[in-house]
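Shown next, in structure tokens, is the structure this report addresses.
The values are calculated or read from the model by the stated rules, or taken from the named source; none is laboratory data. Predicted, not measured: the structure shown is a model, and the values here were computed from it. Ideal geometry is used to build each Cβ from the backbone, glycine not excepted, and the neighbour counts take in all protein chains shown.
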Amino acid sequence: MENNKKVIIVGAGLVGSLWSVYLSKAGYSVTIYERRPDIRKAEISAGKSINLALSNRGWKALDTVGVGDEIRKIAIPMHGRVMHDMKGDLTYQQYGKDGEAIYSVSRGKVNATMMDIAETHGKATIHYNHDCRKVDLKNGIVYLTNSVTGEEIVDKADLVFAADGAFSSVRYNSMQKTDRFQYSQNYIADGYREILLPANPDGSYRMDKNALHIWPRGRFMMIALANEDGSFTCTLFMPHEGGENAFDKLTSKEAVDNFFKSTFPDFYEMMPNIADAWEDHPLSALAIVRCYPWHNGKVALMGDAAHATVPFYGQGMNAGFEDCTVLNELMIKHNHDWDAIFAEYSPLRKPDGDALQDLSLDNYYVMRDFVADPAFLLRKKIEAKFSTLYPEKWMPLYSQVTFSEIRYSVAYKQGQVQNGIMDQVMEMPNIEQNWDSEEVMQKILSLC
């Protein structure tokens, strides 16, 4: 198909790169402008940033345009989570049904691969080191500066897509200046710091590579996801300040050493030099960005530019990829009438962006507070049994979000209903002994 329409995408990250493939296959000519230098020419550190978890929504978006297998080459399946307690004892919790998994991918590796895909499958031209100063929303004119030469560039397209991240320059410099544009940016109290746990001297993994590892500690937690080279990207999430355990208390090597020795003893055994590696990655903040509408004139926001969230459901990349799925379906439905596509895109997709942000915050409390709680684990066992017996009546919330394409907004509402039912079930007498009895299953059935 050839429709001679030109598209500019601002941002050559994961979403911008994938969306270029969709547009190219639909006959559009695509130019991408990226603020950063070409990361493929730099050394990509495995622990450069939080590893990402690919699940059903992401795979669907990739496979629809035939590029999923390129990513499968660098993805490691995780079938469940392993909780590490203070004594180093492990508890395993399966994510979904047998065979279901989420996939660990290094952000740097997947981004580099997506750029390759944009150029080969998407036939896109990518210009690096180009800062977007502003966009004329009505006329699709993009104003850029080459950060290497200082040259100012103006380009024009029939459509402009801003896939330039949580701190989107298109949104900030152009959309936020428009009348009645709603915007909020909320930082949570907690930050994160990366730690790279190296492979064993023989290159083997120090822990089970096919699980997401969690050290839940109440008000804070650490997680670890495997990399291809035998290492793990670990991330400590903790308050920036206040309380006994916070980043502002870890200001010396001695403090870091003592903290890990007493709080994560089994991790400390694997990495006794943690204090030396502590400064390898910066302390970073976590924000939720909400805005509306996601389009104006010839310009639309996608991915984190529209709905940045915190990483606790592992759905940020999947949601961005799902934006591509949704826009593609609207493109087909409205036969490339972009006024009609954009008019439906914002109101259709916004509730799902909001719901994912709520889900992500809720799951933070689950991961850091509840996954080590016997009552929580019992709830999950009861849910899993009922779901196996009556799959048409009950799909656990985690499975709705991770292993289905049910809209985030629908999953969130269903999850709240299920929570209420499980609250009643957990109040039944002797539930710890009778949890798998017919009486309990019938009680849930009566409440569904």
| message | Report every pair of residues separated by at least 6 positions or lying on different chains whose Cβ atoms are under 8 Å apart, first residue within region 200-228 and in contact (Cβ under 8 Å) with a residue 40 or more places away in the chain and closer than 15 Å to Asp89 by Cα, second β-branched (Val, Ile, Thr) and part of a loop (DSSP other than H, G, I, E, B). | response | Ile214/Val371; Pro216/Val371
| Can you pull out the residues in region 177-188 that are surrounded by 14 or more Cβ atoms within 10 Å (Cβ to Cβ) and modelled with pLDDT under 95? | Ile188
| Within region 48-60, can one find any residue that is farther than 24 Å from Glu322 by Cα, in contact (Cβ under 8 Å) with a residue 60 or more places away in the chain, within 19 Å of the chain's Cα centre (by Cα) and surrounded by fewer than 20 Cβ atoms within 10 Å (Cβ to Cβ)? | yes
| query | What is the number of the single condition among (1) assigned to a strand (DSSP E or B); (2) surrounded by fewer than 13 Cβ atoms within 10 Å (Cβ to Cβ) that Asp202 does not meet? | reply | (1)
| query | Of the residues that sit in region 257-277 and are touching a helix residue (DSSP H, G or I) at 6+ places or on another chain (Cβ under 6 Å) and within 13 Å of Met222 (Cβ to Cβ), which one is surrounded by the fewest Cβ atoms within 10 Å (Cβ to Cβ)? | reply | Tyr268
| field | Single condition Ser20 does not satisfy, out of (1) assigned to a helix (DSSP H, G or I); (2) under 20 Å from Gly316 (Cβ atoms); (3) out of contact with any Gly (no Cβ under 7 Å at 6 or more places or on another chain); (4) not acidic (Asp, Glu) | value | (3)
| message | For the structure I just gave you, tell me whether Ala355 is in the same structural domain as Phe161 (by TED's automatic domain parsing), surrounded by fewer than 17 Cβ atoms within 10 Å (Cβ to Cβ) and assigned to a helix (DSSP H, G or I). | response | no
| Pro396 fails exactly one of the following numbered conditions: (1) touching a helix residue (DSSP H, G or I) at 6+ places or on another chain (Cβ under 6 Å); (2) over 30 Å from Ala224 (Cβ atoms). What is the number of that condition? | (2)
| Residues of region 334-352 satisfying the condition of being of a type in the set (D, E, K, R) and either touching a residue at least 24 places away in the same chain (Cβ under 8 Å) or in a helix (DSSP H, G or I) (or both) | Asp339, Glu344, Arg349, Lys350, Asp352
| query | Which residue out of Tyr192, Tyr172 is farther than 21 Å from Ser20 by Cβ and either in contact with an Asp or Glu (Cβ under 8 Å, 6 or more places away or on another chain) or assigned by TED's automatic domain parsing to the domain that holds Phe247 (or both)? | reply | Tyr192
| request: Could you identify the single residue in Thr149, Thr113, Thr120 that is closer than 15 Å to Trp19 by Cα and loosely packed, with under 14 Cβ neighbours inside 10 Å? | output: Thr120
| query | Mind checking which residues of region 64-102 are part of a loop (DSSP other than H, G, I, E, B), surrounded by fewer than 16 Cβ atoms within 10 Å (Cβ to Cβ) and of a type in the set (D, E, K, R)? | reply | Lys73, Asp85, Lys87, Asp89, Lys97, Asp98
| request: Please note which strands (runs of 3 or more DSSP E) are completely contained in region 103-149 and include at least 1 residues that are farther than 21 Å from Lys25 by Cα and in contact with a helix residue (DSSP H, G or I) (Cβ under 8 Å, 6 or more places away or on another chain). | output: 130-136
| Are there any pairs with C-beta distances below 6 angstrom linking a residue in region 93-121 that is outside the structural domain of Gly230 (by TED's automatic domain parsing) to a residue that is assigned to a helix (DSSP H, G or I) and small (Gly, Ala, Ser), with the two at least 6 apart or on different chains, and if so which? | Gly96/Ser399; Met114/Ser17; Met115/Ser17; Ala118/Ser17; Ala118/Ser20
| remark: Asp155 fails exactly one of (1) without any contact (Cβ under 8 Å) to a residue 12 or more places away in the chain; (2) of a type in the set (D, E, K, R); (3) more than 30 Å from Tyr92 (Cα to Cα), namely (1)
| query | Considering region 205-231 alone, what residues qualify as being under 16 Å from Met86 (Cα atoms), part of a loop (DSSP other than H, G, I, E, B) and not small (Gly, Ala, Ser)? | reply | Arg217, Arg219, Phe220
| said: If I filter region 322-336 for residues that are more than 17 Å from Ser55 (Cα to Cα), more than 15 Å from the chain's Cα centre (by Cα), among the basic types (Lys, Arg) and buried (at least 21 other Cβ atoms within 10 Å of the Cβ), do I get at least one hit? | reply: no
